[in-house]
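Data first, discussion second: the structure below is written as structure tokens.
The numbers here are math on the coordinates, done by the rules we state, and not lab data. What you see is a predicted model, and the numbers here were worked out from it, not measured in a lab. Positions of Cβ are backbone-derived with ideal geometry, glycine not excepted, and every protein chain shown enters the neighbour counts.
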Amino acid sequence: GTPQKYDPTFKGPIYDRGCTDVICCVLLLVAIVGYVVVGVVGTYWGGGLHGGGFGDGDSAVPSNPEHCGIAAASTISSSPTQICVSQCPDRYLTYLSAYGSRTPAELEYYRQFCVPEFKNTQKAPIEVLKDKECPAMIIPSTPLARRCFPAIQAKKGVIMVGNETTYDDGLGHRRNVTELLEGAKKANVVLETRQLAMKIFEDYTVSWYWIIIGLVIAMVASLIFIVLLRFLAGIMVWVMIVMVILVLGYGIFHCYMEYAKLKGEAGSDVSLKDLGFQTDLRVYLHLRQTWLAFMIILCVVEVVIILLLIFLRKRILIAIALIKEASRAVGHIMMSLLYPLCTFFLLCLCIAYWASTAVFLSTSNEAVYKVFNESACQFSGQTCKPETFNTSNVTKLCPDAQCLFAFYGGETAYHKYLIILQFFNVFMFFWLANFVIALGQVTLAGAFASYYWAFKKPDDMPAFPLFSAFGRALRYHTGSLAFGSLILAIVQVIRVILEYLDHRLKAADNKFAKFLLGCLKCCFWCLEKFIKFLNRNAYIMIAIYGTNFCTSARNAFFLLMRNIIRVAVLDKVTDFLFFLGKLLIVGSVGILAFFFFTHRIKLVEDTAPPLNYYWVPILTVIVGSYLIAHGFFSVYGMCVDTLFLCFCEDLERNDGSPERPYYMSPELSEILLKGNLEPSK
């Protein structure tokens, strides 16, 4: 925790360094090998390679169910029997009518909705229904969430199923189809969600190329902004501040105009609370209260930004000097602007592997059949196979026993530890994703540190600083990166577990448990933020000195504590300015997307695609624009943090004398040392 002593041999990033945290490096490699094994095993069981899971779509055997629960979902019956079928029924039909039909095709069609062991089509219908081998009747159904639901539709206000308003229940009675609504009530939310998802998907299919154009515009705007920041840092910062204020001001003006335009219109004075949740979000835009809420939010943001600018006006000048120095560093290492693409690509690989492994693990369950009976039976609850059940001893000892579908799962050791494999999949995703981000931070920090510690800039810099830093990070510090990302991954997994417990306890009445869980969630959220901050600065120290993770984290923490005023003033003000830059790009592109997709630009009014929800492409463009802008500005943010930490280290190592000169540039020393120390001559 003490300041560093002067070392005349010190020349910035140490190139003659050794491997750090080797144990964590080995642990990461072993974990990756295990992760690959989990992926292979999941693919084997979930990909149908062992004979189950995803398979032939024409098969109706239980190991390959496409739709299950037909007897419970598409018939009016007290039977709890559930079976798995390859397709849902598409017609009204009773077993009595199918049995009495002169065409064998009717009965053969009906047989696919019976239990798998039903083979004797000559068996008396009363016996078949008594033994619950077939449903009394089937109705037109549609597949949804691996279940068959009645194909309910409304025509001119009349509820119909399969273009009929009544149906034969198979017991000699005619019933109204409205009775089927009771069986499908719980599916209403799912059906509405599915309808919403289909409309959103349709919007993406007709607007995807315009979304890509919007993201390209955001990327070009970010790149132009960064390039201009390189040459006109001071002017661009002030232009950015003014533009943000103007964009927010226009947003306030637009919300007020919409609010005033809706005055006196029917239904516009309904409150958001009375309206409730609507899947069609356009409904909210016809309410005055919605635009009033938007206007208030934008006014608050505008006032907060203006007040911050007034109180931080002097500090902004110092932050601009730091941004100018960062611009010079980025100018000498232009390849650093493209490095976020590498991080993005590696993160996409992590997400793709995690998602595919999760899908395969989730679909590796098999249909499990159990013995059900009404009288006492020693085999009750045991696992059975429908194909061989009729020839087994169970039917002889328990005549009323049936082999029925129970649940999805398995009896093997693999299925017993499936939840552990899923947990390991989530943990490895967090670990690898954090490792990729850490690798990017160390690489950029190493490149920018080589700029700072070059006494003659840029002559003393290595030929390829970015590639040199990337090579040093992988060769010497993979273990340290694995250590830091492991700590963060553990905290994030704990947060996921707490969110899961909170979801499970929502219906509980234990207020103490909910309060305790809320406190834990808050504490671990704060802990995650602190660890991210500490890791980021530890990685910078690793890039400079090549020390292990714990030593780097300790040195970085105490160095920042010794310069806490500078951290609060310079670093955070710079972050605020970068946030305004991202806000400017996102706001500008978002306003352009809003006017385009709502057909308000006369020149391209007919070009914009027709949409169900125009907010779908607009939100996609806004989120994508933020991620793109964040990627470009993250390079500047890492550069500023690295230069700032190097500046603090430079102050403690040197005093500006000819024997111990500062490594900072004259422009930077003139601003940052003004009023504290005399700059180096």
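Once amide H atoms are placed 1.01 Å from N in the peptide plane, what residues at a sequence separation of 5 or more from Phe149, or on another chain, have their amide H within under 5 Å of its amide H?
Thr142, Leu144
Give a residue-ordered list of calculated ³J(HN,Hα) values for segment 222-232 (Karplus: 6.51 cos²θ - 1.76 cosθ + 1.60, θ = phi - 60°; whole Hz; x for Gly, Pro).
Each residue of segment 222-232 in turn: 5, 5, 4, 4, 5, 5, 5, 5, 5, 9, 10 Hz.
Counting only residues 5 or more places away or on other chains, whose amide H sits under 5 Å from the amide H of Gly656 once H atoms are built in the peptide plane?
Under 5 Å from the amide H of Gly656: Tyr662.
Where a ≥ b ≥ c are the square roots of the eigenvalues of the C-alpha gyration tensor, would you call segment 410-528 rounded, which needs a/c under 1.5, or, failing that, prolate if a/b is larger than b/c, or oblate?
Values: a/c = 5.53, a/b = 2.10, b/c = 2.63.
Judged from the Cα gyration tensor, segment 410-528 comes out oblate (a/c at least 1.5, b/c at or above a/b).
Which ³J(HN,Hα) values in Hz, rounded to whole numbers, follow from the phi angles of segment 302-311 under the Karplus curve 6.51 cos²θ - 1.76 cosθ + 1.60, where θ = phi - 60° and Gly and Pro get x?
Taking θ as phi minus 60°, the curve returns 4, 5, 4, 5, 5, 5, 4, 5, 5, 6 Hz for segment 302-311.
Name the long-range amide H neighbours of Ala406: under 5 Å, sequence gap of 5 or more, or other chain; modelled H, no Pro or chain starts.
The answer is Val368, Tyr369, Lys370.
Would you please put 386-394, 613-621 in order of how densely packed they are, using the mean number of other Cβ atoms within 10 angstrom per residue and starting with the highest? Don't skip to the answer; put the middle values down first.
Numbers: 386-394: 14.4, 613-621: 20.8.
Ranked by mean Cβ neighbours within 10 Å, highest first: 613-621, 386-394.
Past 28 Å, Cα to Cα: identify those pairs from Lys506/Lys532; Lys370/Lys396; Lys273/Lys506, in the order given.
On the way: Lys506/Lys532 30 Å; Lys370/Lys396 17 Å; Lys273/Lys506 22 Å.
As for pairs spanning more than 28 Å Cα to Cα, those are Lys506/Lys532.
Give a residue-ordered list of calculated ³J(HN,Hα) values for segment 603-617 (Karplus: 6.51 cos²θ - 1.76 cosθ + 1.60, θ = phi - 60°; whole Hz; x for Gly, Pro).
5, 10, 4, 7, 7, 4, x, x, 10, 6, 10, 6, 6, 5, x
Arrange the peptides 436-443, 92-99, 215-222 so that the one whose residues have, on average, the most other Cβ atoms within 10 Å appears first. Don't jump to the answer; show the numbers that get you there.
Details: 436-443: 24.1, 92-99: 19.6, 215-222: 18.1.
Highest-to-lowest ranking by the protection proxy: 436-443, 92-99, 215-222.
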